[in-house]
Amino acid sequence: DSGVTQTPKHLITATGQRVTLRCSPRSGDLSVYWYQQSLDQGLQFLIQYYNGEERAKGNILERFSAQQFPDLHSELNLSSLELGDSALYFCASSPYVSDSPLHFGNGTRLTVT
Amino acid sequence: DQQVKQNSPSLSVQEGRISILNCDYTNSMFDYFLWYKKYPAEGPTFLISISSIKDKNEDGRFTVFLNKSAKHLSLHIVPSQPGDSAVYFCAASRRNDMRFGAGTRLTVKP
């Protein structure tokens, strides 16, 4: 158990809809990362937050947004969903000190029909 | 974003033999490198890491080698065991900005 909790585990929704994925980081970790893994693809970096502030942005679509709240949990919002958004979405956390690994949750599998 | 590349999508080895997984990166500013292992229906789990000031780090059956001039790292697993069968991701980081390769699926046959 990595200590990172992601909900829900599975999500099925229709095109054009909006969903929210939630992540609770490991106790004590201040930084949260979101990654997308499409079928047989690698982990594509979406966005990173540290203590409530955005720190780095990857290939995140404009239809996607995220935030980190004062209690350090994070939410990833996906809107105007398309079939191609179907993927595994992983959240990871770290204490944000040099040379520290990320710890991943078990992901949310999003299926857009 | 192809800053980290794993060019072999899959690798199959016999139990007891050595598994060598390779990874290349393009950004010379990366200073921390990691390997993660992923089983189906689970998130990636941290396996081993190496700082750019070293060229080798060992942890039991797992050894990571870093060749900075070639921008190349590799993971050696010896001896390989059937339980090592998983997808292995390499990652490279600078200032907590971590990027991943596409993964290599390792199958260890009994």
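Laid out as a table, the results:
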{"read-out": "Chain B: relative contact order in percent, alpha carbon pairs under 8 Å with at least 6 residues between", "value": "37"}
{"read-out": "Phi to ³J(HN,Hα) by Karplus 6.51 cos²θ - 1.76 cosθ + 1.60 over the range B:33-42, Hz, x for Gly, Pro", "value": "10, 9, 10, 10, 10, 9, 9, x, 6, 10"}
{"read-out": "Check: the protein assembly as shown dipole with +1 on Lys, Arg Cβ and -1 on Asp, Glu Cβ, in debye", "value": "360"}
{"read-out": "Length-normalised contact order of chain A in % [C-alpha pairs under 8 Å, at least 6 apart]", "value": "37"}
{"read-out": "About the Cα centre, charge dipole magnitude for the range B:1-52 (Lys/Arg +1, Asp/Glu -1 at Cβ), debye", "value": "140"}
{"read-out": "Members of B:LYS56/B:LYS109; B:LYS54/B:LYS109; B:LYS38/B:LYS68; A:LYS57/B:LYS68 lying beyond 30 Å, as alpha-carbon distances in this model show", "value": "B:LYS54/B:LYS109"}
{"read-out": "Of A:THR13, A:LEU78, A:TYR89, farthest towards positive along the dipole that unit charges on Lys, Arg, Asp, Glu beta carbons give chain A", "value": "A:THR13"}
{"read-out": "Overall form of the protein assembly as shown per C-alpha gyration tensor (a/c, 1.5; a/b vs b/c)", "value": "prolate"}
{"read-out": "Point-charge dipole on Cβ atoms (K/R +1, D/E -1) for chain A, about Cα centre, debye to 20", "value": "200"}
{"read-out": "Binned Cα-Cα distances of chain B, short to long, each 5 Å bin given as a whole percent", "value": "2, 13, 25, 26, 19, 10, 4, 1, 0"}
{"read-out": "Estimated Rh, the range A:26-111: Kirkwood, alpha-carbon pairs, angstrom", "value": "13.2"}
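Values quoted throughout were computed directly from the atomic coordinates according to the rules given, and no laboratory measurement underlies them. Note that the structure is predicted; figures quoted are calculated from it, not measured. Cβ: placed from backbone, ideal geometry, glycine included. Neighbour counts: every protein chain shown.
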